[in-house]
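Peer 1: Dumping the structure here so I can ask a few things about it.
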Number of protein chains: 2
Amino acid sequence: MNSPRRTTIYDVAREAGVAASTVSRALNNPRRVNPVTRDHVVAVAERLGYRPDPLATALQSGHKATIAMLVPDITNPHFFGTIRGAEKRASEAGLTFILANTEESADNERNQIERLSRSVDGFVLAASRLREDTTRELAREYNLALVNRQVEGLPGAVVDNGSGSRQIIEHLASLGHRSVVYLSGPHRSWTASQRWRALRAAAERHGMTARRLGPFPPKVDGGGAAADAALAAEATALVAHNDLLAIGVLRRLTERGIPVPGRVSVVGYDDIFGADLCVPALTTVAGPQEEAGRAAVELLIRKGSLSRSQPAPQQVVLPSHLVIRDSTGPAA
Amino acid sequence: MNSPRRTTIYDVAREAGVAASTVSRALNNPRRVNPVTRDHVVAVAERLGYRPDPLATALQSGHKATIAMLVPDITNPHFFGTIRGAEKRASEAGLTFILANTEESADNERNQIERLSRSVDGFVLAASRLREDTTRELAREYNLALVNRQVEGLPGAVVDNGSGSRQIIEHLASLGHRSVVYLSGPHRSWTASQRWRALRAAAERHGMTARRLGPFPPKVDGGGAAADAALAAEATALVAHNDLLAIGVLRRLTERGIPVPGRVSVVGYDDIFGADLCVPALTTVAGPQEEAGRAAVELLIRKGSLSRSQPAPQQVVLPSHLVIRDSTGPAA
DNA sequence: GTGAAAGCGCTAACAT
DNA sequence: ATGTTAGCGCTTTCAC
């Protein structure tokens, strides 16, 4: 803030009877300075309540000690876990954590990156809406790590929806379902296409038919249209792009008096808070979202501190698993 | 980032054939420079892809264009609305938004404030755990706005739980309840004591007895102990500190086979996502949390841009209201 | 081991 | 209306 005037490195220097550069060294490279002077300087700094100014440090050294996380929609509970994990890891590493909403817009996302680029050491892009080539291009200039989006050559952490999707199909198959409808999410969403691909492949292996409907807005409100469309398609098993949509579907089905899982089974993804509260409790694919957020920050940190000869950026894949609750049952 | 080298104001100055200060003026005080030169400078800046460095600007001018929001527990859905509102308003105002978790610790909160103070123009403290005198002391040095916490003389926005609490009591009274138990939240929580005070006062007016139990951790997990304690106290109406706790209570009651609202009624606060999904759907006090977050940022912005002769800092009070669902019914 | 000096990119007097 | 100059607070050569 603009308070009276903060203690600077010069105040400490004067008080300690040394040069400013010595103060800087004593505080940052303790081993490069005589233990006696070091202790003295540190003591004086302490006494004067000296706090380095991160801005001045950053301007000079380029090290901002700050990362930014960009999220398509802060509203969506799905991201809370990821945000939490990222914030925690950043905090542990002494990094300041900037959070920004991109409102599901690739342009917005790109602008935010450019706007913040001078202020941060790197970005965690959660469920990025950027095109793959744009992402690669930006990654040449900026330090990026992705969450729940894979782009070859870029570091990132994803929750593997493939395993979850396969488990869904196996579960449904074992209940006697012969066909499944996927109620899809946003076009640009990598996760969405990922889920659908795995679902379709697994369905094929099990001799089930799989169709895709939508896209629907991945929110509770989107559930009305999604449920109606699915019903018109005469499906016995509905897999929604995420829990929000699934919950909306559940609601609409209840409204229309369709028994779940009596007549149709419903499955979601994410296992958000509330998935086990709704009625019937939602069968859904749970993944370690918090862990993914944490891992992405981790990769960003490691990447930044590496020498030129960096090994190939790492991709972390975390397993998901199906949580079976009450919204799935034997085929009608 | 540390990319090759970014375009600076000097590059633009050279290319445009003017002094650096003119570039600065052309970009920041357009009216103080000849329209012709201004346009030229702007065009060159554009062509060169010039982006001002926020750090350098901040270091020189003291204007950081950044605010930080401190939250006791990012995990808690209660804060999502507040965070969202604050982030939105900050974003609209072109401010960078820093989010930090204080882990329910006053010390941590204070440290964060000190750590970030040089990097931001001000702080939004959500449900601050700081003592009142500490808060006042800090407010002398830093720019603070509070959310859901009132400290005289400090700007802030609160959701008025008083009105909601009164509505709870009226509702319960009209259902024939004669006594109510409040399952309290964290000790340090201003909101918690606020709620209890209003509840007790309203109960008194209605000739109801009110008791307080706890404190319980304001999470779903806290509900087990809270429900058991309430049952032992033979209450017919339970008011939980927040929805998380209320949901936990509901769960425990179901486990124990206690009919809700047949034998006891349950009420929460916050109307979080999920409150209408649980069974029975939770009667709860809803408040415009998002609006509160937004208002706090608004106050921070206004405060910063005011002249010395500031009017008394504003306190915004937003009304809450009771949402009646299925967890409350006639007294047994 | 320590000091002097330059400069990160920008803004804000002060001159002209 | 524009240019010159002096820093903001820090780190980092480069000398000594």
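Peer 1: Using only alpha carbon positions, build the gyration tensor of the range B:184-268, then give the equivalent ellipsoid semi-axes as the square roots of 5 times its eigenvalues, largest first, whole angstrom.
Peer 2: They are 20, 16, 9 Å, listed largest first.
Peer 1: At A:E152 and A:R51, where each label point lies 7 Å from the Cα along Cα→Cβ, what is the point-to-point distance in nanometres?
Peer 2: For A:E152 paired with A:R51, the spin-label model returns 4.8 nm.
Peer 1: Could you give, in nm with one decimal, how far A:N28 is from each other copy of that position, shortest first, with labels 7 Å out from Cα toward Cβ?
Peer 2: Inter-copy label distances (nm, one decimal, shortest first): 2.5.
Peer 1: Here are some pairs, A:K219/B:K219; A:K219/A:K303; B:K219/B:K303; which of them have Cα atoms lying more than 31 Å apart in this structure?
Peer 2: Cα-Cα > 31 Å for A:K219/A:K303; B:K219/B:K303; rest within.
Peer 1: Quick check: the angle from helix B:223-232's long axis to the longest principal axis of chain B, C-alpha only, nearest 10 degrees?
Peer 2: In chain B, helix B:223-232 runs at an angle near 30 degrees to the longest axis.
Peer 1: Something else now. How far apart, in nanometres, would the label points at B:R197 and A:V279 be if each is projected 7 angstrom from Cα along the Cα-to-Cβ direction?
Peer 2: 3.8 nm
Peer 1: Kirkwood Rh over Cα pairs of the range B:217-332 into Stokes-Einstein at 10 °C, 1.306 mPa s: D in µm²/s?
Peer 2: Details: Rh = 15.7 Å.
It comes out at roughly 101 µm²/s.
Peer 1: So which residue of B has the beta-carbon closest to the axis that swings B onto A, and how many whole Å away?
Peer 2: Its Cβ sits closest to the axis: B:G274, 2.
Peer 1: Now a separate question. Which distances, shortest first and in nm, link A:L175 to the matching position in the other copies, using label points set 7 Å out along Cα to C-beta?
Peer 2: Going from nearest to farthest copy, the values are 3.3 nm.
Peer 1: Something else about it: Do any GluC sites (Glu not before Pro) in the range A:217-323 lie in a loop, going by DSSP, with at most 16 other beta-carbon atoms within 10 Å of their beta carbon, and if so which?
Peer 2: Here the GluC sites (Glu not before Pro) that fit, given the DSSP loop and packing criteria, are A:E234.
Peer 1: Shifting gears a bit: Starting from a Cα-only point model with no solvent, please compute log10 I(q)/I(0) by Debye for the range B:1-144 at q = 0.10, 0.11, 0.20 1/Å.
Peer 2: Relative scattering, expressed as log10 I(q)/I(0), comes to -0.50, -0.58, -1.12.
Peer 1: How far apart, in nm, are two points set 7 Å out from the Cα along the Cα-to-Cβ line at B:D221 and at B:L318?
Peer 2: Calculated label separation equals 3.0 nm.
Peer 1: Hey, another quick one. Just how many % of Cα pairs in the range A:55-132 lie over 14 Å apart, if you round to the nearest whole percent?
Peer 2: Working: 1811 of 3003 pairs.
Taking all Cα-Cα pairs of the range A:55-132, the fraction more than 14 Å apart is 60 percent.
Peer 1: I need the inter-copy label distances for A:D133: point set 7 Å along Cα to C-beta, values in nm with one decimal, smallest first.
Peer 2: 6.6
Peer 1: Go ahead and estimate [θ] at 222 nm for the protein assembly as shown from helices alone: -39,500 (n - 2.57) per DSSP H run with n ≥ 4, summed, over the residue count, rounded to 500.
Peer 2: -13500 deg cm²/dmol
Peer 1: What FRET efficiency, computed as 1/(1 + (r/R0)^6) with R0 = 22 Å and r the Cβ-Cβ distance, is obtained for B:R205 and B:E234, rounded to the nearest 0.05?
Peer 2: 0.45
Peer 1: Just to be sure I understand the curve: with the Debye formula and one point per C-alpha of chain A, what is log10 I(q)/I(0) at q = 0.07, 0.09, 0.10 Å⁻¹?
Peer 2: Per q value, in the given order, log10 I(q)/I(0) is -0.39, -0.57, -0.66.
Every number in this text was worked out from the coordinates using simple rules, so none of it is lab data. Computed from a predicted model, the values in this text were never measured in an experiment. Every residue, glycine among them, receives a Cβ derived from its backbone with ideal geometry; neighbour counts consider all protein chains shown.
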